[in-house]
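To start, the structure itself, in structure tokens.
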Amino acid sequence: MKHYLIIGASNGIGKNLALKLAESGNQVIGTYHSTKPTIEHPNILFHQLNVLEELTDFEFLPEVLDGFAYCPGSINLRPFERIKPEDFESDYKMQVVGAIKLLQFIMPRLKRSPNASIILFSTVAVQTGLPFHAQVSASKGALEGLTRALAAEFSPKIRVNCIAPSLTDTPLAAPLLNNEQKKEANAQRHPLKRIGTADDIANMAEFLLSDKSSWITGQIMHVDGGFSNLKT
């Protein structure tokens with residue numbers, strides 16, 4: 001049995017990933033902030049955590065961690081002139097500094113695993129360039145750089161990869177997909193003509209956490225319905 005820590009496991013992609021890992025016989029430690037878990041599984045243990053606060057009580061973690069996924073995110077799409085510098089700072093603290101704090105805290109546990117894997121999450125907007133995405137792209141772009149730097153530093157012991165989805169039907173994206181017209185319009189922007197699901201992204205995350213991806217590290221994996229590099 002492997003042990004995985006999923007930050008943000010009560011909702012969206014993190015929730016689906018936690019369930020997939022648990023149903024495969026792994027032990028999952030999942031955290032949540034404000035959204036209380038609605039799932040129950042004997043292989044999932046939930047703990048409340050605010051990544052912006054000081055990390056203190058982590059006695060619930062096992063001595064060995066085989067994988068870590070950092071799922072918190074935000075989608076704030078506004079014109080650049082309307083984004084205050086403190087908005088960028090707040091986003092960076094949650095998405096980048098939070099991931100760094102957790103990783104530094106659990107690194108000794110990851111190093112005890114024979115094949116540990118770390119998963120971070122970006123967005124298709126970083127490498128594609130989309131209007132009104134300055135705030136999210138700034139933080140997620142930093143995570144892509146962090147992914148490559150840590151993959152180089154931690155090799156060959158620990159693999160580090162990042163997933164860059166396009167718009168995905170999760171609670172986080174609900175305001176952008178809150179009627180059929182919006183869903184259809186966004187689906188048509190993708191070569192595969194549909195919106196991604198939490199399962200689409202969780203499937204890739206599960207693969208990258210598993211030994212099946214043992215020769216993959218330092219990659220930004222685009223799970224985006226072809227949005228980033230196909231024009232149809």
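The Kirkwood hydrodynamic radius of the stretch 107-157, based on inverse pair distances between different Cα atoms, is 12.4 Å. Under 5 Å between amide hydrogens, built in the peptide plane, is the criterion, and for H33 it picks out L49 among residues at least 5 positions away or on other chains. Sorting E53, E184, E59 by the number of Cβ atoms found within 10 Å of their own Cβ, with the fewest placed first, yields E59, E53, E184.
Compute the signed sum of charges (Lys and Arg +1, Asp and Glu -1) over the other residues within less than 14 Å, Cβ to Cβ, of F227.
Details: positive: R189, K193, R194, K231; negative: D200, D224.
Net of charged neighbours comes to +2.
Among D169, D87, D66, the largest mean-square fluctuation in a Gaussian network model of the chain (Cα springs under 10 Å) belongs to D87.
Taken over the chain, the convex hull of the Cα atoms encloses 128 Å³ per residue.
How large is the convex hull of the C-alpha atoms of the stretch 139-232 per residue, in Å³?
Details: hull volume 10.1 nm³, N = 94.
Convex hull volume per residue, Cα atoms: 107 Å³.
Here the stretch 7-95 is treated as a Stokes sphere of Kirkwood radius computed over C-alpha pairs; at 10 °C and 1.306 mPa s its diffusion coefficient rounds to 108 µm²/s. Applying 1/(1 + (r/R0)^6) with r as the Cβ-Cβ distance of D199 and F60 and R0 = 30 angstrom yields a FRET efficiency of 0.65.
Ranking M94, M1 by Cβ neighbours within 10 Å, fewest first, what do you get?
Numbers: M94 18, M1 9.
If I rank by nearby Cβ atoms, fewest first, I get M1, M94.
Measuring from a point 7 Å past the Cα of E23 along Cα-to-C-beta, which residues in the stretch 167-201 have an amide N at less than 19 Å? The answer is 169-171, 196-201, whose backbone nitrogens lie closer than 19 Å to the label point.
Once the Cβ-Cβ distance between A149 and E86 is put in as r, and R0 is 35 Å, what FRET efficiency do you end up with, to the nearest 0.05? Spell out each step's value before the answer.
On the way: r = 26 Å, r/R0 = 0.75.
Efficiency at R0 = 35 Å is approximately 0.85.
A short reminder: the numbers here are calculations on the coordinates, not readings from a lab. Remember, it's a predicted structure, so these values are computed and weren't measured experimentally. Note that we place each Cβ from the backbone using ideal geometry, even for glycine, and neighbour counts take in every protein chain shown.
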